[in-house]
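See structure below.
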Amino acid sequence: MASMKHIILTSDPTGVQFYKFVPDQIGEYSFVFYYPGQVYTWNNTTAQRVFTNDIFQPATSKTVTLKVQNEPLPSAISSYPMPTEYWTRPIEGQNTDWWSVSSNYLEAPQVIDGVYQPDGIAPNSAHIMWTKPLQFGGVVGGGNTGVNGMTYYTGLSYEIRFTTTIIINGRLYYALPRSNSASGDGYACVDLRT
C-alpha cells in the first residue's frame, strides 16, 4: 500500500510555489496539488478602498505519476539526425544540428569560390527549381519592326536587374526593378520551393 505525505505550503505573493522532493525508494509516486479555497478581506490603503469577501474557489491539479528506478535514464540527445533526403522549412526546433546544412543567407547575391551560398553547404551545380519573369521582354514579332527578330525589355543594356535579395525561412524577398533601376518598384516574396 502506498504511503501518503501531505505538505502544507504558503504561496509567495505571485501565486507560485515549489517543493523539492527526493524519493527514498524505487516505485511509482503520484503528485497532486490542492488548494482548499478561502474568503479573504483586505484593505488597499493606497486607493482608499476596502475589498471584502473576495472568494477564491478551491482547485485541484491533475494527478501526475512518476516512476523512480535504479537505472539511469539515457543522456538526452542534442539534435535529431541530419537530413538524408529532401526537407523543407521551417526546420523543426529539435533539429538544432541542421544549422550546418541550412542557412538564411542574409547578403546580396554573389559567387564566392565557385559557390553561390558561402554560409552553409549547397550544391556546386546549377539547381534551378523554377523561373519567374522579372520584367516584360522578349521578341517583338511581326515583320514591321525594321529588323526581323528584334527584341526588347524595359531598361537599358547591362543593367543589373536582380540585386537586392534576402532569403529567410525558405522564402526569397527581392526588389522589383523600375525602368532602368534595379529597384524602386516595391518588393516581392516567393516560396523558394514552390
If you check every pair at least six apart or on different chains, which have Cβ atoms under 8 Å apart with a residue in region 159-180 that is on the phi > 0 side of the Ramachandran plot first and a residue that is among the small types (Gly, Ala, Ser) and part of a strand (DSSP E or B) second? none
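Considering only residues that are β-branched (Val, Ile, Thr), over 30 Å from SER30 (Cα atoms) and modelled with pLDDT of 75 or more, which ones fall in region 42-96?
Passing the criteria: THR84, THR88, ILE91, THR96.
The values are calculated or read from the model by the stated rules, or taken from the named source; none is laboratory data. All of these numbers come straight from a predicted model, not from anything done at the bench. Positions of Cβ are backbone-derived with ideal geometry, glycine not excepted, and every protein chain shown enters the neighbour counts.
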